[in-house]
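K.L.:
Quick one: this structure, given as C-alpha cells, is what I'll be asking you about.
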Amino acid sequence: MGREGSPTGSCTQVLRDGPEPSRERNEPMLYYLIVCRSLTYAQRTAAALERAGITTRVLRSPKSISGEGCSHSVKISQRSLPDALRILQRVGLSPKRIYITAGNGSYQEVEL
Amino acid sequence: MIYLDSAATTLQKPASVARAAAWAINHLASPGRGGHRPAMAAADTAFACREEAAALFHVSEPERVVFTFNATHGLNIALHTLVKPGSRVVISGYEHNAVTRPLHAIPDVEIRVARSPLFDRAAALEAFRQALDQGADVAVCTHVSNVFGFILPVEEIAALCRDRAVPLIVDASQSAGCLPLDFEALGAAFAAMPGHKGLYGPQGTGLLLCGMEPDPLLAGGTGSESRLQSMPAFLPDRLEAGTHNIAGIAGLLEGLRFVRRRGVENIAAQESLLARRLGEGLREIPGSQVFLAQDPMDQSGVVSFQLEGWDCEALGEVLGKRGFALRAGLHCAPLAHETAGTLEQGTVRAGLSVFNTHREVEQFLRTLGRLAERGEDPA
C-alpha cells in the first residue's frame, strides 16, 4: 500500500500507480482476491502482506462475491498465495473467503 | 491572547494538523464508500489514524480504535453497552457530566460514588475498593480530573476491577496525549477520549478504544454488509454509522504523529513543570486559594484556583479582557466540585499544553497579582 501524495503522507496505491496496465490479448491475468470482513481488516491484511514484500491492492469486492453486500478484498498475484497464507496465519489474520479469477470476469472460490 | 484553556480544547496545534484537514476537504472522499481514488485515499488516512492511535495507546488491533465525535460520544456508547436499568455503577468523585448525565438518564441505576479527598491517590483507591466490594456491575473512572488535574490511580483501580470481573470504562479526556495510557495493560472494557485536546486534532473528533464488543448507539450505512438490516457485528463498522469526519480524522492523524514524535513522557514532564510553577506562583498571590498537589506526580497540567473577593466568572471575564483565556465556573463537573468542596463558588481553571511557555506563565502571574492588589474588577 502506498503512503505518499498527500500532506499526511497517506495515499492509496491506485493514486501512486495510476490504472493497472492493460492485459495482453490472449494472456489472462490470474490473481486471487482475499475477501475480508471489513475495510479495516482488509487494510490490516494488506499491510501485513506488504511488510513481507507481497504486492497488494485493496479494492471493493466484486458484487458477485461480496456475500451480504459491500465488502472489501485484498488482491494478490497468483504466485503469492502460498506465502500470503503463511504470513496471514503467522500474524493471526484469517481471510473470510478467497477467490481466484481467470480474467474473464468470473470468480471461483478456493478451498483452503 | 495567551491561551490557558487546553483542558477544554487545545487551540495551538502543530501546523500540520490544519494543513492536513484543509487538504482533506478537497481531496478525500468517504472511506469504504467507493473504490475510486479519493475514497481509497480517505480509507488509507482513516487506517493510518487508527494504527497511530493503536500504537500510542497499546491497542492490539487497529479496528478496536473507533472514531467518535468527541469523548462524550464514546462514553455514551460505552455506558449504553454496559449499563442497563437496575445496574450498580461505581464512579469516582471526579466524574464529568459526560458520565453522570447519561447514567442518570438510564432508569433505576444505582450510582455509587467512590469519594476521596483531592490529590489523595491512596484514598481514591481505597474508596473504589470499598465501593466495588459492595457489588458492582460496572465501574467508571476518569484518568484525570478536568477541574483539578488530579491524576487518579487508574492502573490500580483497573486491577481491582479485573480481580472482581467488573468491566471498567476509563474517561481519558484529560490524559490522552498528556500521560502514558496502556489500554492493553489496563484490561479496561472501554477508554474514551477527545481528539481535540491532548491529541491536538480538530474539534469534532474523538476515539473510543474497545476492549469488548459494544452495542451501537447509532444505526445506518457503513459501506459493509449492505444487504443486512442490522449493524455489522465487527469493529469498527459496528460503531461507525454514517459518513466519517475525514477532514477531522486527517487532522487528528497529524496530531497523533506529533504526540508520538514529541513523546508522551516528555509532554507530561513539560506540562507538569509549567503547572508546578503556575501553582506555586499563584500561592504567592495574596487572597488566592490554589488547588495544588503536594506531589507533582499527582497532578497534570491543569490547575484550579480562587481569588478572595472575586466571583470566579467575573475573574475569568476580566482575565479574558486582559488577554488570557481561562475557563471559570463548574467546568461541567459539579460532582468534582462537590467532592472538593467548591460547588458553590466554582473555580478558575488554567489548562496548559505543550505549546505554553514559562514566559506566558510569568506574564499571567504578574497580571493576576496586579488584579489581586486592586481587589476589584477594574473594567
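K.L.:
Which GluC sites (Glu not before Pro) from segment B:229-330 combine a DSSP loop assignment with at most 11 other Cβ atoms within 10 Å?
P.N.:
Here the GluC sites (Glu not before Pro) that fit, given the DSSP loop and packing criteria, are B:GLU284, B:GLU308.
K.L.:
So, one more: Calculate the translational D of segment A:24-109 in whole µm² s⁻¹ from Stokes-Einstein, where the hydrodynamic radius comes from the Kirkwood formula applied to all Cα pairs, the temperature is 25 °C and the viscosity 0.890 mPa s.
P.N.:
Once the numbers are plugged in, D ends up at 190 µm²/s.
K.L.:
Where nothing but the Cβ of Lys and Arg (+1) and of Asp and Glu (-1) is charged, how large is the charge dipole of chain B around its Cα centre, in debye to the nearest 20?
P.N.:
Dipole about the Cα centre, nearest 20: 940 debye.
K.L.:
Under a straight-distance cross-link criterion of Cα-Cα below 27 Å, which lysines are reachable from A:LYS75, leaving out those fewer than 8 residues away in the same chain?
P.N.:
A:LYS63, A:LYS96
K.L.:
Size of the dipole of the protein assembly as shown about the Cα centre, Lys and Arg at +1 and Asp and Glu at -1 on the beta carbon, nothing else charged, in debye to 20?
P.N.:
Value, rounded to 20: 1680 debye.
K.L.:
Could you put B:ARG370, B:ARG129, B:ARG257 in order, starting from the residue whose Cβ has the fewest other Cβ atoms within 10 Å?
P.N.:
B:ARG370, B:ARG129, B:ARG257
K.L.:
OK, next. Report, as a whole number in µm² per second, the diffusion coefficient that Stokes-Einstein gives for segment B:15-262 at 4 °C and 1.567 mPa s using the Kirkwood radius over alpha carbon pairs.
P.N.:
Here the translational diffusion coefficient equals 70 µm²/s.
K.L.:
Additional query: Pull out the extension gain between B:GLN229 and B:ARG374, defined as 0.36 nm times the separation in residues minus the alpha carbon to alpha carbon distance; nm, one decimal.
P.N.:
45.6 nm
K.L.:
Okay, next question. Which cross-chain or sequence-distant (5 or more) residues have an amide H under 5 Å from the amide H of B:LEU152, H modelled 1.01 Å from N in plane?
P.N.:
Amide H neighbours of B:LEU152, under 5 Å, 5+ apart: B:VAL144, B:SER145.
K.L.:
Under 13 Å between alpha carbons, and skipping anything fewer than 8 positions from B:LYS84 in its own chain: which aspartates and glutamates qualify?
P.N.:
B:ASP108, B:GLU110, B:ASP137, B:ASP215
K.L.:
Still on this structure, please answer the following. Which residue, chosen from B:GLY86, B:GLY74, B:GLY329, occupies the Cα position most advanced towards the positive end of the dipole of chain B, where the dipole is computed from +1 (Lys, Arg) and -1 (Asp, Glu) charges on Cβ about the Cα centre?
P.N.:
With unit charges placed on the Cβ atoms, the residue in question is B:GLY74.
K.L.:
Something else: Please report the orientation-averaged projected area of the protein assembly as shown, defined via the convex hull of its C-alpha atoms, in nm².
P.N.:
Reported value for the Cα convex hull: 24.6 nm².
K.L.:
Here's another thing I want to ask about it. Bin by bin, in steps of 5 Å, what percent of the Cα pairs in segment B:98-179 do you find, going until the bin that has the longest distance?
P.N.:
3, 15, 25, 26, 20, 9, 2, 0
K.L.:
Using +1 at the Cβ of each Lys and Arg and -1 at the Cβ of each Asp and Glu in the protein assembly as shown, identify which of B:ALA314, B:GLN294, B:SER173 lies farthest towards the dipole's positive end.
P.N.:
It is B:SER173.
K.L.:
If you don't mind, there's one more thing I want to ask. Let me know the charge dipole size of segment A:24-109 about its Cα centre in debye, to the nearest 20, where only the beta-carbon of Lys, Arg (+1) and Asp, Glu (-1) is charged.
P.N.:
Here segment A:24-109 has a charge dipole of around 240 debye.
K.L.:
May I pose another question? Once you have a ≥ b ≥ c as the square roots of the Cα gyration tensor eigenvalues for segment B:178-252, tell me rounded if a/c is under 1.5, and otherwise prolate or oblate according to whether a/b is larger than b/c.
P.N.:
Here segment B:178-252 falls in the oblate category.
We did not get these values from a lab; they are worked out from the coordinates using the rules stated. What you see is a predicted model, and the numbers here were worked out from it, not measured in a lab. Positions of Cβ are backbone-derived with ideal geometry, glycine not excepted, and every protein chain shown enters the neighbour counts.
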